[in-house]
Amino acid sequence: MEELTPEQQAQMRQQCIFCQIADGKVAAKKVYEDDKVLAVLDINPANPGHILLLPKEHIAIMPQMDDELIGYMGIVSKQLSQVLLRTLQAQGTTIFVANGVAAGQRAPHFMIHIIPRMEGDDAGLKPLEKKYSEEQILQIHQGVYEAIKRVLGDAIPPEKQPINLDQKETPKEEKPGTKEPGKKETPKESKKKASPLDDVSKFLTGQ
Amino acid sequence: MNCEVCDRIKNKKGIVYSTEKISVMIPENAFTPGHLIVLPNEHFPILEAVPDKIISEMFTAANKVGVAVFEALGAQGTNILIQNGTAAGQEKPHVILHVIPRKENDGLNLQWAPKQMNEEEMSTIELKIKDQVGSVGIIEEEKKEPVEEKEVEEVKEDYLTKSLERIP
């Protein structure tokens, strides 16, 4: 994170409604507070008891947060979820984060939503699942392998695709004598193979 | 224990990253291409059952996985989702944290219709919750195991008494 001058920080906090709430300048229904985080009730809740858990520090999106703080916020989310189950007789809870406008982020301050749920309620957040084939799973694995390795420091490589005589696709070409351990198919190469998975490949090649 | 998620972890199906406590996996049933899941290796059916240290590791990993999908898949945003309990849409009996890559107009609906609540209703709930947050913010100590030492001593005694018995 860039270092801001005290004046810049103060200005940023003045422009962010959630910083204002954390600083006590704007009223909110606070249900929990400590030196790192603040939990308030959402005034437009998905269900009564919908909690917003915020870092007191101004952080816009999750990647800007350090490991210790996001780990701590995860623990507090679990604990607040437990409180909702107990006090409101909720039958479940949804834990939700939106990073970026495309993901539905509406405020410039990072928050974790902790939403009490009842069977059959209309609070949504139950996306439909589509079944993946083994091939799709392999493509995704190939697509994310390098990035996971770089960001997490380690990754499990995708298994080599076994040569299936039933398939119309040509088997992998092997140059004699030049075995390159660790050479993986790039997403572009896998796209050239006959694949009915347009949306997957588009994702992988950034179209 | 018949948990298909535990089986997948054991058989290392679709796992992209793993530590002693958690794994990052490509789910068999996905919400969108590139959807990855972070889960505890040990079987826990609901979030509240997961020890604090494991939750912390899951969230830290999820944050990094979010960055990875952002870079690798050209995502414009990410969602983190935990469906805790069937009322929240939990499908498998194993705690799963979803990292969902997003793009404008990807057709994924993760929104809700906000409800209107009056001041009185809000205040009642505020008080109910505040009343029970006493244990929030306190992180569990890892459980120690002093019992092991005792067992070792008992075994030693048996060996000694047995060897004494053999002496004619």
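The values are calculated or read from the model by the stated rules, or taken from the named source; none is laboratory data. Just so we're clear, the structure is a prediction, and the values are computed from it rather than from any experiment. Cβ atoms come from the backbone with ideal geometry, glycine included; neighbour counts cover every protein chain shown. For accessibility, only protein heavy atoms count, side chains too; no ligands or nucleic acids. Shrake-Rupley method; radii C 1.70, N 1.55, O 1.52, S 1.80 Å.
Some observations on this one:
- Exactly one residue out of B:Ile139, B:Ile100, B:Ile80, B:Ile96 is open to solvent by 20 Å² or more (accessible area, probe 1.4 Å), at pLDDT 95 or above and not aromatic (Phe, Trp, Tyr): that is B:Ile96.
- If you go through region A:113-140 and keep only what is under 18 Å from B:Thr78 (Cα atoms) and either at the interface with chain B (Cβ under 8 Å from one of its Cβ atoms) or free of Cβ contacts under 8 Å to residues at least 60 places away in the same chain (or both), you end up with A:Gly124, A:Leu125, A:Lys126, A:Pro127, A:Leu128, A:Glu129, A:Ile140.
- Qualifying positions in region A:12-24 - over 27 Å from the mean Cα position of the chain (by Cα) and farther than 24 Å from B:Gln132 by Cβ: A:Gln14, A:Asp23
- Enumeration of residues in region A:147-161 that are in contact with an Asp or Glu (Cβ under 9 Å, 6 or more places away or on another chain), open to solvent by 60 Å² or more (accessible area, probe 1.4 Å) and either facing another protein chain (nearest Cβ under 7 Å) or touching a residue at least 24 places away in the same chain (Cβ under 8 Å) (or both): none
- Residue count for region A:1-42 under the criterion of being within 26 Å of B:Met117 (Cβ to Cβ) and in contact (Cβ under 8 Å) with a residue 12 or more places away in the chain: the result is 16.
- Selected residue (only one of B:Ala75, B:Ala62 is more than 7 Å from chain A (Cβ to nearest Cβ), assigned to a helix (DSSP H, G or I) and open to solvent by less than 20 Å² (accessible area, probe 1.4 Å)): B:Ala62
- Of the criteria (1) farther than 19 Å from A:Leu53 by Cβ; (2) open to solvent by less than 20 Å² (accessible area, probe 1.4 Å); (3) hydrophobic (A, V, I, L, M, F, W, C), which one B:Leu108 fails: (2)
- Filtered by the rule that a residue be among the aliphatic types (A, V, I, L, M), under 21 Å from B:Gln83 (Cα atoms) and without any contact (Cβ under 8 Å) to a residue 24 or more places away in the chain, region B:1-34 gives B:Ile15, B:Met25, B:Ile26, B:Ala30.
- The residues in region A:105-143 that are within 14 Å of the chain's Cα centre (by Cα) and open to solvent by 30 Å² or more (accessible area, probe 1.4 Å) can be counted, and the count is 1.
- When region A:25-69 is limited to residues that are at the interface with chain B (Cβ under 7 Å from one of its Cβ atoms) and assigned to a helix (DSSP H, G or I), the one that is farthest from the chain's Cα centre (by Cα) turns out to be A:Asp67.
- Subset tally (residues that are within 16 Å of the chain's Cα centre (by Cα) and within 11 Å of another protein chain (Cβ to nearest Cβ)) for region B:23-41: 7
- Restricting attention to region B:42-56 and to residues that are part of a helix (DSSP H, G or I) and more than 7 Å from chain A (Cβ to nearest Cβ), the residue that is farthest from A:Gln64 (Cα to Cα) turns out to be B:Ala49.
- Count of residues meeting criterion [out of contact with any Cys (no Cβ under 9 Å at 6 or more places or on another chain) and surrounded by fewer than 17 Cβ atoms within 10 Å (Cβ to Cβ)] in region A:1-25: 17
- When every residue of region B:98-107 is checked against the conditions, at least one turns out to be more than 8 Å from chain A (Cβ to nearest Cβ) and either in contact with a helix residue (DSSP H, G or I) (Cβ under 8 Å, 6 or more places away or on another chain) or acidic (Asp, Glu) (or both).
- Scan region B:29-41 for residues that are in a loop (DSSP other than H, G, I, E, B), touching a Phe, Trp or Tyr at 6+ places or on another chain (Cβ under 6 Å) and over 15 Å from A:Gly143 (Cα atoms) and the total you get is 0.
- Considering residues of region A:90-104 that are in contact (Cβ under 8 Å) with a residue 24 or more places away in the chain, at the interface with another protein chain (Cβ under 7 Å from one of its Cβ atoms) and assigned to a loop (DSSP other than H, G, I, E, B) only, the residue surrounded by the fewest Cβ atoms within 10 Å (Cβ to Cβ): A:Gln91
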